[in-house]
Amino acid sequence: MLIDDIGLMMEVFLVSLFAGLVATAAMTLAELPYWRLWKLAGVFEWHENQVLISEFFRLDVKRLNFPGIFLLHFINGGLGGVGLLLAIKLIPQLSAIPILLLGVFYGFLLWILTLAPIHKPITGLHPWNHPLGKGPALASLGGHALYGLVLGTMFRITDVLM
């Protein structure tokens, strides 16, 4: 009996992780035009990851490290999928909210609680007082909304919440 429960828990964990990875892929594709327009400083998550990877591995921060950027981006996104699942399981009232709406809200919440407070300490650039204007912040916020929408869609498709 316990083995079945552990197997089910593992399956739910992996499905939510996969949903987070798919949502991150969608977000990444949506961020590509902004990277082309504003380069690294215009894509908040990528800029943060570039600085973190460069500092961790003592690399030149000016030399783009796309494998490191995307490794951190997808780790965070995958774990974000697990985070939404845990939030729903730990706060049962959330299950009363339609999953697509909850997903979009979750995407905004991630931006507000995780990206906005750490962006300036990591990159030196304030999200709302950015040298490139408000565009990068709005693009990042939109990317997180898309992440949440796709995450909610994946939760609905996979029926991970059973």
Scope the range 86-97; condition touching a residue at least 40 places away in the same chain (Cβ under 8 Å) and of a type outside the set (A, V, I, L, M, F, W, C); matching residues: 95
Any helices (runs of 4 or more DSSP H) falling wholly within the range 10-115 and containing at least 2 residues that are out of contact with any Cys (no Cβ under 6 Å at 6 or more places or on another chain) and farther than 23 Å from residue 142 by Cβ: 44-56, 66-90
Within the range 13-31, tally of residues that are over 15 Å from the mean Cα position of the chain (by Cα) and without any contact (Cβ under 8 Å) to a residue 40 or more places away in the chain: 1
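Listed here are the residues, each with its yes/no results for (1) in contact with a helix residue (DSSP H, G or I) (Cβ under 7 Å, 6 or more places away or on another chain); (2) in contact (Cβ under 8 Å) with a residue 60 or more places away in the chain.
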| site | (1), (2) |
| --- | --- |
| 99 | yes, yes |
| 106 | yes, no |
| 113 | no, no |
| 138 | no, no |
Positions within the range 116-136 being free of Cβ contacts under 8 Å to residues at least 12 places away in the same chain, hydrophobic (A, V, I, L, M, F, W, C) and either touching a Lys or Arg at 6+ places or on another chain (Cβ under 6 Å) or assigned to a helix (DSSP H, G or I) (or both), in sequence order: 116
The range 17-43: number of residues that are farther than 16 Å from residue 66 by Cβ and surrounded by 24 or more Cβ atoms within 10 Å (Cβ to Cβ): 3
Of the criteria (1) polar (S, T, N, Q); (2) closer than 23 Å to residue 124 by Cα; (3) in contact (Cβ under 8 Å) with a residue 40 or more places away in the chain, which one residue 50 fails: (3)
Scope the range 79-98; condition over 13 Å from residue 12 (Cα atoms) and surrounded by 20 or more Cβ atoms within 10 Å (Cβ to Cβ); matching residues: 80
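Where a number appears in this text, it was derived from the coordinates with a stated rule and is not lab data. Everything numeric here is computed off the predicted structure, so don't read it as measured data. Here Cβ is always computed from backbone atoms with ideal geometry, including for glycine, and neighbour counts include all displayed protein chains.
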